[in-house]
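Worksheet: the structure to be examined is printed underneath.
The values are calculated or read from the model by the stated rules, or taken from the named source; none is laboratory data. Owing to the predicted nature of the structure, the values given are computational and were not obtained by experimental measurement. No Cβ is skipped: glycine too gets one built from the backbone with ideal geometry, and neighbour counts run over all protein chains shown.
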Amino acid sequence: MDLALITSVLAIAVFAGTSLIYATIGEIITERAGILNLGVEGMMIMGAVSAFATAFHTESLWLALLVASAVGGLMALVHAFVTITLRADQIVSGLALTLAGVGLASFLGERLGPDSGPLVGLRGPRFLEVDLPGLANLPVVGEALFQQDPIVYSMYAFVPLVWFWMYRTRPGQQLRAMGESPQTVDAMGIPVLRWRYIYTVVGGVLAGFGGAHLSLAYTPGWSENLTGGRGWIAIALVIFATWRPGRAVLGALLFGGVNAVQFRLQAAGTSISANLLNMAPYLLTIVVLVLISGASPLRHRLGAPAALAVPYAREERT
Amino acid sequence: MIPWTIKFERRLDPPRYLGWLVPVLSVAAALVATAVLLAVFGVNPFETYRAMWDGAFGGLFGGDVYSLSETLVRATPLILAGLAVAVSFKMKFWNIGAEGQLVMGGIAASGVALFLPGAVPGIPQNAVVYGLLMGGAAILAGAAWALVPALLRAYLNVNEIITTLMLNYVAILWYSHLFTSVWNDPQGFGFPGSALFERFTWFPRFFDTRLHFGLVLGLIAAVFVWVLFDRTRFGYEIRLIGDNPEAARFAGVSMFRNIVLVMLVSGGLAGLAGLSEVAGVSHRLQQGLAADNGFTAIIVAWIAKLRPWAVVLVAILLAAVFVGGDQIQISMGLPASVAQVVQGVMLFFVLGGDIFSRYRVRITRTAPAPATEAV
C-alpha cells in the first residue's frame, strides 16, 4: 500500500466514522446512566430527515443541526418517559422508537418537500470541506484529518470533552455510578431519575446530530433508509468500546475504514457484486462482537454497567 | 410545588380482565394520538381513518369480501412471523432477526421450486409433495439462520439483539444479489426477479381471491405455539427463563438447550412466513419479500402480549393498517408509510399503558409542606 492510498482510506474512515462516533458516544452516556436505548437507528434517521428538510427550506445548516438534535432529544424523551416513569421494558421501548422513527422518517421524507411533496432526489445546502490553515498541508494526517467538514472538526473537541466530563468531574463520576448502583447515588441525595432523563435525552441529541451529518455532509440529501443500520452498528460499538468514549472512536474509525475500502474497491471496478460487498460492515459487527465476547481473553475488560436496563424504583429496593 | 403526587403501587395479583382491557384501550388511545399527529401535519385524520377502513374492510357488510381477503393476505406473513417473535420473546430472548429468517425461508423455498423439478425430475410434481419439500426447506433455512445467533449467545454470550439484527441485513443483501443476478430470469428482459415458479408449486387459493393456503398454515402454527406454550415442559421452561432466569437456573433448567431450541422454532416459523409469501403471493423470488414483516412482527407479538391467539388478531389489525395505508396513498395521495407510524405509536401506547395492569396508579394530594423545619 502506498502512502496516497493510506491517506485516502484514512480520510474516508474519519469522514464516514463521524456520525457513528456521535451516536455511539451518545449511547455510551445513556447506558452509563443505566438506560438502554435501542432507538438509536430511529433517532439518527429522524435527525437525518429533519436536518435535510430544515436545510432545504431555510438554507441554514446551523439551524438544521439544531433541529436534528432537538428531534433526537425529543424522541429520547419519549423513551425516557416510557421506561423511567412508566417503567416499561427498555428493550421493547427502544425497538418501538426505532420502528416508529423509521416509519415517521419515511412519511416525512414524502411530505416535507416543496408543496408537501417528497424530499427524495432534492439537492440542498451541505457542509463543505474546509481546509484548516497550516494543518491541512501536513503529510498524511493533513489530508486525513484537516481537510474535512466543520462537523468532523467539532468531533475533535467533543470527544475529549466527554472524556473529561465522565472521568474528571463530579457529575461524570455520578453518571458512572448511576449505571452501576443507582441506590448508592440516590443515597447521596442525587435525583437519579431526573439525571437518567437528562442523560437519555443527551444521548438522543447526539444521535440526531450524528444523523444530521449523514444528510448534510456524508451523503447529502434524503433517501429512504439513509442510515442503513448505522444506529445498530453504534449500539454494537458501545459494547466493542466497553462503554468508554475513547475506544468508541477506535471502533467508529474501524467501521469507517470498511466503508473506505468498499469505496476504493467499487471505484477500482471490482467484479464482486455491490450487494455482497455491502455485507461487510454487518458481518464485521458480528465478528467484532464475537472477538470481544465473554469467552475471549479480553473478557476481563468487558464491563456493562451493572444496573443497565434495570428500572430504578425507590420503593422497590431489594 | 405541584400539589399532588402520583404513586405507583404494584398489583400483586392483577385482575385477569386487565390483560386484554389495557391493550385494547392502549390501541384506541394510540389511534387518537396518531389522529392528532396527522392533524399537526395538515392531514384530516377523520378522512384518513375512513379511507383506511374502506381499504381494509370496505364493502364487507354489503357482502363484498375482496378488501377483507386482501387484508388477510397481508396478515398471513405477520401471523407466522409474529408467532416466531412471540416464541423467542417468551423466553426474553430478543430475536430481532425474524426479517432475515423469513427472507432465508423464502430463498430456500424458491430454490426448491426453481431448481428441483429440473434437477430431480422423478419427484411427483404435485402441490402436496412440493408443498412439503418447500416447507421443509423454508423451515430448515429459517432455523439455520436463527441458529447462528443462538449458538453465539449460548457459547460465547454474544448479544443476540445485535447479531440477529445484523444477519437481517446480510440476508436481505444476499437475497437481492440472488434475484438481481444469480437467479435472475434469463427471459425476464432484465426484470429484477427470478423466473416464475411452475404452477404445481403454488399454494392453492380460495374464494376467487388472492387468499391462499398460507393463512391456514398460520392458524395451524398458532395452535402449535399455543400447545407449545401451555401444554409442554418446554413451554413451561422458556416462560420460567423469561420471567425469572435466576429461579430457572436453580431449578436446573438448561439455558443452552432452551436458547438453541427456542431459536430453531422461532427461525423455522419465520422461514414458513417466507415460504407463504413466495408460494402464495409472488410465485417467484422478487422485490417485496423483505417488506419489514419481520419487524412489524415485533409490534404484533408485543401488542398480543405474546399470546398465540392474540397474535392472529393483532396481525389482522396491523395488516388492516397496512392495506388501509395503501388505500390512502391511492385515494388521498398520502404516503403509505402512515401505516408504520400508526403501528409504531400503537406499540408505544401498549408498552406504556402496561403500567396500568402492573401497578395501581394513585394520585394523592400532598400535605402542605411545614413552614419551618424542625431542628
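Things to note:
- Subset of the stretch A:118-171 [farther than 18 Å from A:Ser19 by Cα and buried (at least 18 other Cβ atoms within 10 Å of the Cβ)]: A:Leu119, A:Gly124, A:Glu143, A:Met166
- In the condition set (1) surrounded by 23 or more Cβ atoms within 10 Å (Cβ to Cβ); (2) in contact (Cβ under 8 Å) with a residue 40 or more places away in the chain; (3) more than 14 Å from chain B (Cβ to nearest Cβ), A:Leu61 is compliant with all but (1).
For (1) in contact (Cβ under 8 Å) with a residue 40 or more places away in the chain; (2) within 14 Å of another protein chain (Cβ to nearest Cβ); (3) in contact with a Lys or Arg (Cβ under 8 Å, 6 or more places away or on another chain), each residue gets a yes or a no:
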{"position": "A:Arg230", "(1), (2), (3)": "yes, yes, no"}
{"position": "A:Phe240", "(1), (2), (3)": "yes, yes, yes"}
{"position": "A:Val261", "(1), (2), (3)": "yes, no, no"}
{"position": "A:Asn278", "(1), (2), (3)": "no, yes, no"}
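- Any hit, the stretch B:139-146, residues being assigned to a helix (DSSP H, G or I), within 14 Å of chain A (Cβ to nearest Cβ), closer than 25 Å to A:Gly94 by Cα and not small (Gly, Ala, Ser): yes
- Complete set of residues in the stretch B:285-305 that are closer than 14 Å to B:Val342 by Cα and more than 11 Å from chain A (Cβ to nearest Cβ): B:Val300
- Odd one out for A:Val249 among (1) more than 14 Å from chain B (Cβ to nearest Cβ); (2) within 12 Å of the chain's Cα centre (by Cα); (3) not in a helix (DSSP H, G or I): (3)
- Any hit, the stretch B:162-184, residues being touching a residue at least 24 places away in the same chain (Cβ under 8 Å), surrounded by 24 or more Cβ atoms within 10 Å (Cβ to Cβ) and among the small types (Gly, Ala, Ser): yes
- Residues that are surrounded by fewer than 18 Cβ atoms within 10 Å (Cβ to Cβ), more than 8 Å from every other protein chain (Cβ to nearest Cβ) and in a helix (DSSP H, G or I), drawn from the stretch B:327-355: B:Ile330, B:Ser331, B:Met332
- Restricting the stretch B:151-179 to residues that are within 7 Å of chain A (Cβ to nearest Cβ) and polar (S, T, N, Q), the residue that is nearest to B:Ser266 (Cα to Cα): B:Thr163
- Selection status of A:Asp115, surrounded by fewer than 24 Cβ atoms within 10 Å (Cβ to Cβ) and either at pLDDT 95 or above or facing chain B (nearest Cβ under 8 Å) (or both): no
- Residue check for B:Arg284: outside any helix (DSSP H, G or I), at pLDDT below 85 and of a type in the set (D, E, K, R): no
- Evaluation of A:Pro182 against (1) in contact (Cβ under 8 Å) with a residue 40 or more places away in the chain; (2) away from chain B (no Cβ under 14 Å); (3) in contact with an Asp or Glu (Cβ under 7 Å, 6 or more places away or on another chain) (one fails), failing number: (3)
- Members of the stretch A:83-126 that are more than 25 Å from B:Phe89 (Cβ to Cβ) and assigned to a loop (DSSP other than H, G, I, E, B): A:Leu112, A:Gly113, A:Gly117, A:Pro118, A:Leu119, A:Val120, A:Gly121, A:Leu122, A:Arg123, A:Gly124, A:Pro125, A:Arg126
- Consider the stretch A:105-164 and keep the residues that are polar (S, T, N, Q) and free of Cβ contacts under 8 Å to residues at least 12 places away in the same chain. The one that is farthest from A:Tyr199 (Cα to Cα) is A:Asn137.
- For the stretch B:41-59, the criterion of being over 30 Å from B:Ala221 (Cβ atoms), part of a helix (DSSP H, G or I) and of a type in the set (Phe, Trp, Tyr) is satisfied by at least one residue.
- Number of positions in the stretch A:72-90 that are at the interface with chain B (Cβ under 10 Å from one of its Cβ atoms) and aliphatic (A, V, I, L, M): 4
- Residues being away from chain A (no Cβ under 14 Å) and touching a Pro at 6+ places or on another chain (Cβ under 6 Å) - total across the stretch B:1-58: 1
- Just one residue in the set B:Phe207, B:Phe213, B:Phe189, B:Phe179 is under 30 Å from B:Leu306 (Cβ atoms), among the aromatic types (Phe, Trp, Tyr) and at pLDDT below 90; that residue is B:Phe213.
- Applying the condition of being exposed (fewer than 13 other Cβ atoms within 10 Å of the Cβ) and over 27 Å from B:Arg362 (Cα atoms) to the stretch B:9-45 and asking which residue is modelled with the lowest pLDDT yields B:Gly42.
- The stretch B:75-91, residues that are part of a helix (DSSP H, G or I) and either at pLDDT below 90 or among the hydrophobic types (A, V, I, L, M, F, W, C) (or both): B:Ala75, B:Leu78, B:Ile79, B:Leu80, B:Ala81, B:Leu83, B:Ala84, B:Val85, B:Ala86, B:Val87, B:Phe89
- No other residue among A:Gly47, A:Gly101 is of a type outside the set (Lys, Arg), facing another protein chain (nearest Cβ under 9 Å) and farther than 30 Å from B:Lys7 by Cα apart from A:Gly101.
- All told, A:Phe107 meets the bar of being surrounded by 15 or more Cβ atoms within 10 Å (Cβ to Cβ) and touching a Pro at 6+ places or on another chain (Cβ under 7 Å).
- Scope the stretch B:269-294; condition of a type outside the set (Ser, Thr, Tyr) and surrounded by fewer than 24 Cβ atoms within 10 Å (Cβ to Cβ); matching residues: B:Gly280, B:Val281, B:His283, B:Arg284, B:Gln286, B:Gln287, B:Gly288, B:Ala290, B:Ala291, B:Asp292
- For beta carbons closer than 9 Å, sequence separation of 6+ or different chains, a first residue in the stretch B:299-321 that is in a loop (DSSP other than H, G, I, E, B) and a second that is modelled with pLDDT under 90 and crowded, with 24+ Cβ neighbours inside 10 Å, the qualifying pairs are B:Lys305/B:Val350.
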